[in-house]
Amino acid sequence: LGAVIDETYVSEYRVYAVDENDTRLGEALAHVQKKNIPPTLDFCCNADVYSVRLELNLVGERAACHHVMVVLVVGGLELPIAAASPALVDRKFRPAATITTTTTTTTATI
């Protein structure tokens with residue numbers, strides 16, 4: 001309702017690596033349990049309420065990873081509602097001649 005986020009029925013959030021078409025690349029990278037915060041206007045859109053730090057090896061099935069997607073879970077079922085992060089930025093990139101795998105670190109905030 002309005003600017004209030006009500007998580008009454010949300011049990012957790014799941015974070016997935018996805019490609020440019022939002023296709024999931026493997027299992028969930030993280031499970032974030034809901035906090036018991038009553039719905040208020042102050043709670044809405046506060047970037048400090050939930051966050052998770054991820055380190056991804058972008059090899060194998062995750063080589064096509066473009067961004068991460070956060071999915072709502074209600075009663076063990078994932079809802080078809082999700083929030084996407086901005087495109088991932090490789091903070092450890094080195095020229096191809098000196099690296100065999102790429103690791104990207106990002107923080108997804110919901």
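Please treat every number below as a calculation from the coordinates, not as lab data. Please read these numbers as outputs of a predicted model, since none were measured by experiment. Neighbour counts run over all protein chains shown; Cβ positions are idealised from the backbone, glycine included.
Where does the charge balance sit around His31 when Lys and Arg score +1, Asp and Glu -1, over other residues with C-beta under 12 Å from its C-beta? Please list the in-between numbers first.
Details: positive: Arg14, Lys34; negative: Glu12, Glu27, Glu78.
Cβ neighbours under 12 Å give a net charge of -1.
Quick one: which of 62-73, 77-88 comes out on top by average Cβ neighbours within 10 Å, and what's the full order, highest first?
Working: 62-73: 18.7, 77-88: 12.8.
Taking the mean over residues of other Cβ atoms within 10 Å, the ranking is 62-73, 77-88.
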